[in-house]
Amino acid sequence: MTATTEINKIISKENLVYGKTSVLLDNEMHYCPGCTHGVIHKVIAEVIDEMGIQDKTIGVSPVGCSVLAYNYIDIDWQQAAHGRAPALATATSRLMPGKYVFTYQGDGDLASIGCAEIIHACNRGENIVVFFVNNAIYGMTGGQMAPTTLEGQVTATTPYGRDCKVTGFPMKITEMIAMLPGTRFVTRQSAETPGAVRKLKKAAQKAFENTRENKGLSFIEIVGTCSSGWKLSPVKSNEWMKENMFAYYPLGTLKDE
Amino acid sequence: MTEEIIIAGFGGQGVLSMGKILAYSGIMQNQEVSWMPSYGPEMRGGTANVTVILSDDRISSPVLKKFDTAIILNQQSMDKFVDEVKPGGTLLYDPNGITHHPERKDINIYRIPGAALAAELGNPQTFNMIIMGGFLKVKPIVLLENVKKGLEKSLPERHHKLIPLNIEAIQKGSDSVETVHTI
Amino acid sequence: MGDVRLMKGNEVIAEAAIRCGCDGYFGYPITPQSEIMETLMIRRPQEETGMVVLQAESEVAAINMVYGGASCGKKVMTSSSSPGISLKAEGITYLAGAELPALIVNIVRGGPGLGTIQPAQSDYFQAVKGGGHGDYKLIVLAPASVQEMNDFVDLSFKLAFKYLNPAMILSDGVIGQMMEKVELSDFKPRWTAEEIKKISGSWATIGKTADRERNISTSLDLDSAKQEIFNHKLQAKYRAMEENEVRFEKIACDDAEYLFVAYGSSARICQKAVEQAREKGIKVGLLRPITLFPYPTKAIQEMLKDVKGILSVEMSAGQMVEDVRLAVNGKVPVEHFGRYGGIIPTPEEVVEALEQKILGK
């Protein structure tokens with residue numbers, strides 16, 4: 001037996017313990033090394049695959065780094081104007097009952113320019129899922145301050161560190177959203193370890209199950225990294241996130257009704 | 001036939017609804033109609049007016065400067081519209097509260113004590129139909145049976161029991177109109 | 001005769017939407033067009049046809065709900081008045097860029113800024129020249145009667161789906177607030193999921209099935225070469241609209257020596273002005289553009305062999321007059337007459353303007 005046939009035997013289908021879901025496309029991702037988006041995309045694609053809802057799921061992508069999310073997950077997509085994804089999802093969900101509609105938004109998109117749309121979609125209790133990726137910075141436009149940027153954090157528009165007296169405070173929008181009676185499930189997760197990814201996946205499953213049961217709005221914040229924007233290596237980014245982000249944005253479920 | 005009418009008075013006198021019933025009556029006899037109110041802050045100032053046009057042909061402008069008939073129900077409206085009646089046209093007014101009576105000699109002028117008659121009927125809401133009765137006496141442009149149909153169309157079902165009272169008011173107005181001046 | 005009623009223009013928009021099988025209305029209150037959403041709320045079409053009616057948190061949200069609904073191949077619409085349309089401009093250019101069909105109704109009021117709540121036609125440029133960013137066009141229909149408010153709702157959806165392009169009904173408080181006799185359209189059922197799949201399945205985001213690639217509603221292409229090709233495609237579509245969809249009406253034009261050009265409520269006023277001017281012996285006609293984009297440029301050019309001068313009449317400081325001048329290209333004098341800020345011109349004023357500006361009296 002040659003080495004090649006040995007390897008082929010080892011990697012044969014019946015021996016596979018893990019494979020990439022076909023719902024995640026093979027297109028090369030444009031995300032930077034160390035970015036959290038790729039992992040989150042994978043989790044969403046896996047849940048869609050496992051729940052067998054590929055033909056019933058419509059994603060709404062934002063403006064920001066994940067504007068091109070439609071290149072990576074093999075479902076129908078709508079690409080929204082900056083901040084408006086919850087409005088698109090509102091109409092889509094109401095006009096096509098029985099579909100699974102989710103928005104995928106960053107911190108600038110959701111918490112800054114789209115603050116009104118997300119608050120009101122949550123308040124109306126739209127039967128949708130919201131994935132909110134918080135890395136405390138504008139990635140796409142080159143690392144400017146976001147509403148969730150931490151105090152003292154250096155960004156392109158806070159080159160001397162965020163001064164809260166001038167720019168306001170890091171915004172805990174997930175806590176605000178948990179207060180709204182329209183929301184059913186509000187949780188804050190991360191994706192920096194296999195354990196964290198497993199928890200995130202459970203949350204995503206629960207969220208789509210809520211849609212299936214017509215329960216209303218599920219909101220999942222994922223605290224993530226932006227190595228390019230933070231100007232740290234991927235490893236250092238994770239360390240910085242754990243030390244600083246988790247302290248201000250504690251992980252855990254805020255609401256589950 | 002085309003009749004261009006302005007009805008003007010205080011808000012609450014039933015100016016707009018009178019115009020609406022007149023327009024509906026026109027529809028009932030297969031005419032083209034338009035009903036153009038003043039709206040917005042102008043209405044909140046206490047005056048209300050509506051331009052109503054009934055025509056056998058397609059109606060051109062729903063907004064007019066000059067009118068075949070002016071139905072005037074307060075002094076402010078008299079001041080505003082007395083000179084806008086076309087020569088040879090008709091002005092019908094309720095003298096209640098009028099201090100400067102119209103003096104034009106080139107138009108037909110009629111008077112109807114609508115407010116007083118409505119008090120007699122014991123129902124101030126019949127006021128506009130009394131005025132309508134007076135108008136139809138001097139300008140019989142719609143048949144009474146079509147007014148009745150117009151009332152049925154324009155009033156919600158729950159108010160249909162009031163139609164006989166409205167017809168009575170129209171009759172009363174028709175009997176009570178006084179000629180001030182004709183050319 | 002069908003269902004004949006006396007109705008306000010605004011109410012008719014709502015009724016016509018229900019009757020033409022509209023799937024969703026998303027709006028935000030603003031004078032003078034709030035009756036559209038109010039009428040829909042009273043009518044409860046959710047129970048009758050399943051049409052969704054939702055009061056959004058803002059004009060911005062409303063137009064983006066329209067974008068979401070349009071992406072699903074649904075017949076969706078919004079309505080507003082001038083300041084609200086400015087807010088919607090972003091969503092409108094995204095709709096155009098993503099090639100989505102939708103209906104936007106603008107019951108124009110005087111501006112700029114908060115302006116007035118009285119009628120105006122000062123949003124012509126915004127409607128026909130863009131309004132939002134980028135090279136795009138809307139199909140713009142200008143009703144001049146309550147009957148046309150009824151008819152143009154269905155027509156707008158037909159054109160919007162034919163060209164996969166947003167359509168706008170550009171009206172004003174005169175047509176919106178006045179009542180006229182109207183023969184309402186017959187009821188058409190809403191499209192079923194199967195019909196939508198057949199009509200719009202090649203692009204609508206209705207759920208990706210194994211037999212096709214995913215559908216994506218987007219106006220983004222970071223590759224400039226591809227974006228230029230896409231722009232060519234849009235321009236070809238607009239040329240096709242100019243070829244096939246120009247609509248206008250001529251009144252008293254056969255022997256006309258002079259011409260009014262006016263749309264919407266101004267056209268109604270000019271119709272009266274034609275009557276009055278002809279009583280004075282002035283042979284004037286009226287050309288009423290019904291589509292403001294595509295504009296009846298050729299129809300105006302064909303009139304030039306007979307007419308000696310043109311008065312463009314608008315409730316604005318002079319916007320459409322530029323398109324008249326482009327059509328005329330200096331061959332005869334073209335002047336503008338307008339009242340604005342919410343003032344409606346009288347037919348007498350229009351005749352006077354014709355005499356002064358065109359006849360030189």
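Bear in mind that the values in this text are calculations on the coordinates, not laboratory data. Predicted model only: the values in this text are computed from it and were never measured. Every residue, glycine as well, gets a Cβ built from its backbone with ideal geometry; the counts of neighbours run over all protein chains shown.
Report, to the nearest 10°, how far helix C:34-43 tilts away from the longest principal axis of the Cα atoms in chain C, using its own Cα long axis and a range of 0 to 90°. Roughly 50 degrees between the two axes. Restricting attention to the protein assembly as shown, close to 35% of DSSP beta bridges with both partner residues there are antiparallel.
Across all directions, the shadow cast by the convex hull of the range A:24-160 built on its C-alpha atoms averages 8.5 square nanometres.
Among the listed pairs A:Lys206/A:Lys255; A:Lys56/C:Lys88; A:Lys215/C:Lys75; A:Lys215/A:Lys255; C:Lys272/C:Lys357; C:Lys158/C:Lys298, a Cα-Cα separation exceeding 20 Å is found for A:Lys56/C:Lys88; A:Lys215/C:Lys75; C:Lys158/C:Lys298. The amide H of A:Gly161, built 1.01 Å from its N in the peptide plane, has A:Thr155 as neighbours under 5 Å, considering only residues 5 or more places off or on other chains.
Note that the range A:149-158 has calculated 3J(HN,Hα) couplings of 4, 6, 4, x, 5, 8, 9, 5, 9, 10 Hz, one per residue in order, obtained from phi through the Karplus relation 6.51 cos²θ - 1.76 cosθ + 1.60 (θ = phi - 60°); glycine and proline are x. Treating each Cα of the range A:23-256 as one equal point scatterer and applying the Debye formula with no solvent, the log10 of I(q)/I(0) at q = 0.07, 0.11 Å⁻¹ comes out as -0.19, -0.49.
Of B:Ser60, B:Met1, B:Pro164, which is farthest along the charge dipole of chain B in the positive direction, counting Lys and Arg as +1 and Asp and Glu as -1 at C-beta? Of B:Ser60, B:Met1, B:Pro164, it is B:Pro164. If one takes the longest principal axis of the Cα atoms in chain C, at what angle in degrees, from 0 to 90 and to the nearest 10, does the Cα axis of helix C:59-71 lie? Approximately 60 degrees, to the nearest ten. In plain terms, chain C is cut at each of the GluC sites (Glu not before Pro) found in a DSSP loop with at most 15 other Cβ atoms within 10 Å, and the longest leftover piece is C:1-212. Normalised by residue count, the range C:214-341 yields a Cα convex hull volume of 157 Å³ per residue.
The modelled label-to-label distance for the pair C:Phe125/A:Lys13, using points 7 Å beyond Cα in the direction of Cβ, is 6.5 nm. Computed from Cα atoms, the angle from the helix C:146-163 axis to the main principal axis of chain C rounds to 50 degrees.
Just tell me how shielded C:209-218 is by partners: mean number of partner chain Cβ atoms within 10 Å of each residue's Cβ, no decimals. Please list the in-between numbers first.
Details: counts 4, 2, 1, 1, 2, 10, 6, 9, 11, 8.
Average per residue, whole number: 5.
Rounded to the nearest 0.05, the FRET efficiency derived from the C-beta distance between A:Asp55 and A:Lys165 at R0 = 56 Å is 0.60.
Alpha-carbon geometry of the protein assembly as shown: the Rg and the Dmax are 32.0, 123 Å, given in that order.
Using C-alpha pairs below 8 Å separated by at least 6 residues, the relative contact order for chain C is 18 percent. Taking the fewest neighbouring Cβ atoms within 10 Å as the starting point, the ordered list for A:Tyr31, C:Tyr67, C:Tyr25 is A:Tyr31, C:Tyr25, C:Tyr67. In the structure shown, the pairs B:Lys148/C:Lys8; A:Lys99/C:Lys197; B:Lys86/C:Lys361; A:Lys20/A:Lys242 are assessed against 26 Å; a Cα-Cα span above that value is assigned to A:Lys20/A:Lys242. Here the Karplus relation 6.51 cos²θ - 1.76 cosθ + 1.60, evaluated at θ = phi - 60°, turns the backbone of the range C:300-309 into coupling constants of 5, 4, 5, 7, 5, 5, 10, 9, 9, x Hz, with x for every Gly and Pro.
Count the DSSP beta bridges whose two residues both fall in the range C:42-182, then state the antiparallel fraction as a percent rounded to the nearest 5.
On the way: 1 of 15 bridges.
Once the DSSP bridges in the range C:42-182 are tallied, antiparallel ones form about 5 percent.
Under 5 Å between amide hydrogens, built in the peptide plane, is the criterion, and for C:Arg247 it picks out C:Ile290, C:Thr291 among residues at least 5 positions away or on other chains.
Counting neighbouring Cβ atoms within 10 Å and putting the fewest first, the residues C:Ile343, A:Ile177, B:Ile141 line up as C:Ile343, B:Ile141, A:Ile177. Using a cutoff of 8 angstrom between alpha carbon atoms and counting only pairs six or more residues apart, the relative contact order for the range A:23-256 works out to 20 percent. What 222 nm value per residue comes from the helices of chain A, counting each DSSP H run with n ≥ 4 as -39,500 (n - 2.57) and dividing by all residues, nearest 500 deg cm²/dmol? Counting only the DSSP helices, I get -9500 deg cm²/dmol. Taking the number of Cβ atoms within 10 Å of each Cβ as an exposure proxy, the fewest-first ranking of C:Tyr28, A:Tyr72 is C:Tyr28, A:Tyr72. Less than 5 angstrom separates the built amide H of A:Thr149 from those of A:Met171, all sequence-distant by 5 or more or on a different chain. Take every DSSP beta bridge whose two residues both sit in the range C:217-353; close to 25 percent of them are antiparallel. Look at the alpha carbon pairs under 8 Å that are at least 6 residues apart: their mean separation over the length of the range C:236-313 gives a relative contact order of 45 percent. Sorted on the mean count of surrounding Cβ atoms within 10 Å across their residues, most packed first, peptides B:110-120, A:101-111, A:125-135 read A:101-111, A:125-135, B:110-120. What the pair-distance distribution of the range B:2-181 shows, using all Cα-Cα distances binned every 5 Å from zero, is 1, 9, 18, 23, 23, 16, 8, 2, 0, 0 percent.
Applied to the range A:74-85, the Karplus parametrisation 6.51 cos²θ - 1.76 cosθ + 1.60 on θ = phi - 60° returns per-residue 3J(HN,Hα) values of 8, 9, 6, 10, 10, 9, 8, 5, 4, x, 9, 3 Hz, with x for Gly and Pro.
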